[in-house]
1. Starting from residues that are crowded, with 17+ Cβ neighbours inside 10 Å and out of contact with any Leu (no Cβ under 8 Å at 6 or more places or on another chain), keep the ones in the stretch 37-52 and report whichever is nearest to Gln120 (Cα to Cα).
2. Which residues, taken from the stretch 60-75, are touching a helix residue (DSSP H, G or I) at 6+ places or on another chain (Cβ under 8 Å) and either among the basic types (Lys, Arg) or without any contact (Cβ under 8 Å) to a residue 24 or more places away in the chain (or both)?
3. Hey, can you tell me all the residues within the stretch 169-178 that are part of a helix (DSSP H, G or I) and either surrounded by 14 or more Cβ atoms within 10 Å (Cβ to Cβ) or β-branched (Val, Ile, Thr) (or both)?
4. Has the stretch 76-96 got at least one residue that is in contact (Cβ under 8 Å) with a residue 60 or more places away in the chain, among the β-branched types (Val, Ile, Thr) and surrounded by 15 or more Cβ atoms within 10 Å (Cβ to Cβ)?
5. Within the stretch 128-144, is even one residue under 18 Å from the mean Cα position of the chain (by Cα) and part of a helix (DSSP H, G or I)?
6. Hey, Gly143 hits all of (1) at pLDDT below 95; (2) within 18 Å of Leu53 (Cα to Cα); (3) surrounded by 14 or more Cβ atoms within 10 Å (Cβ to Cβ); (4) of a type in the set (Gly, Ala, Ser) but one; which does it fall short on?
7. Which count do you get for residues in the stretch 147-160 that are assigned to a helix (DSSP H, G or I) and surrounded by 18 or more Cβ atoms within 10 Å (Cβ to Cβ)?
8. How do the pairs read when you match residues in the stretch 1-28 that are at negative phi with residues anywhere that are assigned to a helix (DSSP H, G or I) and surrounded by fewer than 11 Cβ atoms within 10 Å (Cβ to Cβ), using Cβ under 6 Å and keeping only pairs 6 or more apart or on different chains?
Amino acid sequence: MNRIDIETKLNESRTWLLEHVKNLPERDLHDPLTPSEHDPSNKWSPLDHVAHLALIEGNFQQMIRRFISGEKNPVGLLEGENGQKRTREEIMAIVNASTEKFQREHHADSLSQVVALTAQARAETLILLSELSDEQLEQVLPGAPWADGTVGGVLGANADHARMHWKWLVEAGLNDGD
């Protein structure tokens, strides 16, 4: 995926998400719809899902920056600090605990706060994109299971992430007007 395609995909996804979120009635924004993967008694609202996008986008930025700076384990999930390989269950437990912590920190945020949070994350992604060479965008990010595993693919995966979460919300009963 080239620079222009990545930026186009990210911008189109952002516009699509904002159009969908702004049309939700206020009462639906905080409606508990989906059980947490970490603690099923904790239900995530549409705003929780949208805020979560900022966390993951920031995580992807950090992984890419670690890779560009030469770290051997830039994703930081597949192996522990001692170099021992983690199981899929161990990886998912780490990911789910992290997302749960972030969700709880931002659960009471307003629509405006969540939009600002995701705008900041997207702005930082676009800055990172502008700093990377075409060759760096084509490099494989070691340990990245997202998209095609390249730096550019991982950046572009942020756009797909929003649609995936929205699909889950609709499947859980969100009436998004479509």
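The values are calculated or read from the model by the stated rules, or taken from the named source; none is laboratory data. Note that the coordinates shown come from a computational prediction; the quantities given were computed from them, not determined experimentally. We place every Cβ from the backbone using ideal geometry, glycine too, and count neighbours over all the protein chains shown.
1. Residue satisfying both the conditions and the ranking: His52.
2. Across the stretch 60-75, the qualifying residue is only Arg65.
3. Once the filter is applied, which keeps residues that are part of a helix (DSSP H, G or I) and either surrounded by 14 or more Cβ atoms within 10 Å (Cβ to Cβ) or β-branched (Val, Ile, Thr) (or both), the stretch 169-178 yields Leu169, Val170.
4. No; the residues of the stretch 76-96 include none that is in contact (Cβ under 8 Å) with a residue 60 or more places away in the chain, among the β-branched types (Val, Ile, Thr) and surrounded by 15 or more Cβ atoms within 10 Å (Cβ to Cβ).
5. Yes, some residue in the stretch 128-144 is under 18 Å from the mean Cα position of the chain (by Cα) and part of a helix (DSSP H, G or I).
6. Going through the list (1) at pLDDT below 95; (2) within 18 Å of Leu53 (Cα to Cα); (3) surrounded by 14 or more Cβ atoms within 10 Å (Cβ to Cβ); (4) of a type in the set (Gly, Ala, Ser), Gly143 breaks only (2).
7. So the count comes out to 9.
8. Here the result reads none, with nothing in the stretch 1-28 linked to a residue that is assigned to a helix (DSSP H, G or I) and surrounded by fewer than 11 Cβ atoms within 10 Å (Cβ to Cβ).
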